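This report concerns only the one structure given below.
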Amino acid sequence: MKILITGGNGQLGQELQHLFQERQVAFKAADVSELDITKEQQVNQFFAEHRPEVVYHCAAYTAVDKAEGEGKAADELINAVGTEIVAKACQKYGATLVYVSTDYVFDGTRTSGEYLPEDPKGPRNEYGRTKLLGEQAVQKYCQKYYIVRTAWVYGQWGHNFVYTMLNLAKTHDKLTVVDDQVGRPTWTRTLAEFLTYLVDNQIAYGVYQCSNDGQCSWYEFAKEILKDQPVKVLPVSSDQYPSAAFRPHYSVMHLAKETGFKFPKWEDALYEFMRQIKEK
Ligand SMILES: NC(=O)c1ccc[n+]([C@@H]2O[C@H](COP(=O)([O-])OP(=O)(O)OC[C@H]3O[C@@H](n4cnc5c(N)ncnc54)[C@H](OP(=O)(O)O)[C@@H]3O)[C@@H](O)[C@H]2O)c1
């Protein structure tokens, strides 16, 4: 199976590379310098040359707040137009497309329960809107696809909430973290294992959701990250941290347990992640 990873130098792209290396599976990872997904001719040439059979499409515009202003055009170009280009190329060359999407496609107004994959969509920020356009392009132009929504992603290779908390704890003795946004953290390792599980086990094409199991607020997440650090973590409301992009108060998504995949609990995943970065 010829594997291509788009956005290969991103947080998830690097985790997938690491996973394939560990499994001794051959792959081709390309980042924007080699494969700019917004350039249709370049994408087609690349597909003609490499003939991928499975495409893990990790390239994305992920600056959620910037997407509300100076990054609006880039966000739409990369997440919507770029994904359409990749979807059409996958269809043309018969490749299976694995597209990673977000909980922000939902409106985030629930207060309990879980968002099911088929629940009504209602993105309330630009990034969510363009990732949903990407989902629609995948469904319109490509027959063999997995759309996998995820949320609150952290991993070894990238900027994320866990690293931010660990760094802040080095210079502060007290941190305030929002307690009125609830979701499910996702370790990139769990996500990478799930994406490859879908492909390797020939699970039915369609829309799935992947995070670590359980749920927490950002405050509870921060407390767990910093439980061994001499720093006080205090809960605050989102009003204390205004942001350009709307953030949902509740974004717990139903996990695709029916596939047989075991989603580790978020505390266990975090523990393992912290153990690994300490060993580095
Ligand atoms: N991070 C989260 O919390 C989160 C939550 C939900 C869903 N997701 C989704 O999960 C996927 C992976 O996210 P991530 O955290 O790994 O993001 P990331 O670290 O920002 O990686 C995205 C990668 O895409 C590359 N890229 C940007 N424009 C490109 C273009 N035109 N052509 C090719 N590559 C391009 C970026 O390169 P440069 O850095 O050089 O621009 C970067 O290497 C994305 O689809 C994202 O929308 C992420």
Open item on the list: Condition first: outside any loop (DSSP other than H, G, I, E, B) and open to solvent by less than 40 Å² (accessible area, probe 1.4 Å). Now tell me which residues in region 29-43 satisfy that.
Closed with: Ala29, Ala30, Val43
Task: Odd one out for Thr176 among (1) under 24 Å from Val25 (Cβ atoms); (2) away from the ligand (no atom under 16 Å from the Cβ); (3) part of a strand (DSSP E or B); (4) of a type outside the set (A, V, I, L, M) - done: (1)
Task: Checklist (1) of a type outside the set (S, T, N, Q); (2) crowded, with 18+ Cβ neighbours inside 10 Å; (3) in a loop (DSSP other than H, G, I, E, B) applied to Asp119, failing item - done: (2)
Open item on the list: I need a count of the residues in region 85-114 that are among the β-branched types (Val, Ile, Thr), open to solvent by 20 Å² or more (accessible area, probe 1.4 Å) and farther than 26 Å from Trp152 by Cα.
Closed with: 0
Open item on the list: Consider region 139-171. How many of its residues are open to solvent by less than 60 Å² (accessible area, probe 1.4 Å) and within 16 Å of the chain's Cα centre (by Cα)?
Closed with: 15
TODO: Taking only region 45-59 into account, find how many residues are open to solvent by 40 Å² or more (accessible area, probe 1.4 Å) and either assigned to a loop (DSSP other than H, G, I, E, B) or within 13 Å of the ligand (Cβ to nearest atom) (or both).
DONE: 2
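Restricted to region 211-264, and to residues that are of a type in the set (Lys, Arg) and in a loop (DSSP other than H, G, I, E, B), which residue is surrounded by the most Cβ atoms within 10 Å (Cβ to Cβ)? Walk me through it before giving the result.
We begin by selecting, within region 211-264, every residue of a type in the set (Lys, Arg); these are 223, 227, 232, 247, 257, 262.
From the residues that got through so far, the ones that are in a loop (DSSP other than H, G, I, E, B) too are 227, 247, 262.
Values: Lys227: 12, Arg247: 19, Lys262: 11.
Ranking the qualifying residues of region 211-264, first place goes to Arg247.
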Open item on the list: Can you tell me how many residues within region 182-222 are more than 13 Å from the ligand (Cβ to nearest atom) and either free of Cβ contacts under 8 Å to residues at least 12 places away in the same chain or among the small types (Gly, Ala, Ser) (or both)?
Closed with: 7
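If I ask for residues that are more than 13 Å from the ligand (Cβ to nearest atom) and part of a helix (DSSP H, G or I), which ones from region 74-106 would you list? Give the derivation first.
Filtering region 74-106 for residues more than 13 Å from the ligand (Cβ to nearest atom) gives 87-88, 90-96.
Residues satisfying the conditions are Ala87, Lys88, Cys90, Gln91, Lys92, Tyr93.
Taking into account only those residues within region 64-73 that are open to solvent by 40 Å² or more (accessible area, probe 1.4 Å) and not charged (D, E, K, R), which is farthest from Ala204 (Cα to Cα)? Give the derivation first.
So the first thing to find is which residues in region 64-73 are open to solvent by 40 Å² or more (accessible area, probe 1.4 Å), and the list is 65-66, 68-70, 72-73.
Those left that are additionally not charged (D, E, K, R): 69, 73.
Working: Gly69: 38, Ala73: 34 Å.
The qualifying residue farthest from Ala204 (Cα to Cα) is Gly69.
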TODO: Go through (1) open to solvent by 10 Å² or more (accessible area, probe 1.4 Å); (2) of a type in the set (S, T, N, Q); (3) closer than 26 Å to Val236 by Cβ; (4) under 19 Å from the mean Cα position of the chain (by Cα) and name the single condition Thr186 misses.
DONE: (1)
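Taking the stated definitions as given, is Lys280 over 15 Å from Gln215 (Cβ atoms), open to solvent by 70 Å² or more (accessible area, probe 1.4 Å) and at pLDDT below 90? Don't jump to the end; show me each part of the working.
On the way: over 15 Å from Gln215 (Cβ atoms): yes; open to solvent by 70 Å² or more (accessible area, probe 1.4 Å): yes; at pLDDT below 90: yes.
So Lys280 fits the description; yes.
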TODO: Read through the list (1) in contact with a Leu (Cβ under 6 Å, 6 or more places away or on another chain); (2) more than 16 Å from Glu135 (Cβ to Cβ), then give the number of the only condition that Gln21 fails.
DONE: (1)
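The values are calculated or read from the model by the stated rules, or taken from the named source; none is laboratory data. Note that the structure is a prediction, hence the values are computed from the model and not measured. Don't worry about glycine lacking a Cβ; one is built from the backbone with ideal geometry, like all the others, and counts go over all protein chains shown. With ligands, DNA and RNA removed, areas are computed over all heavy atoms of the protein, side chains included. Shrake-Rupley method; radii C 1.70, N 1.55, O 1.52, S 1.80 Å.
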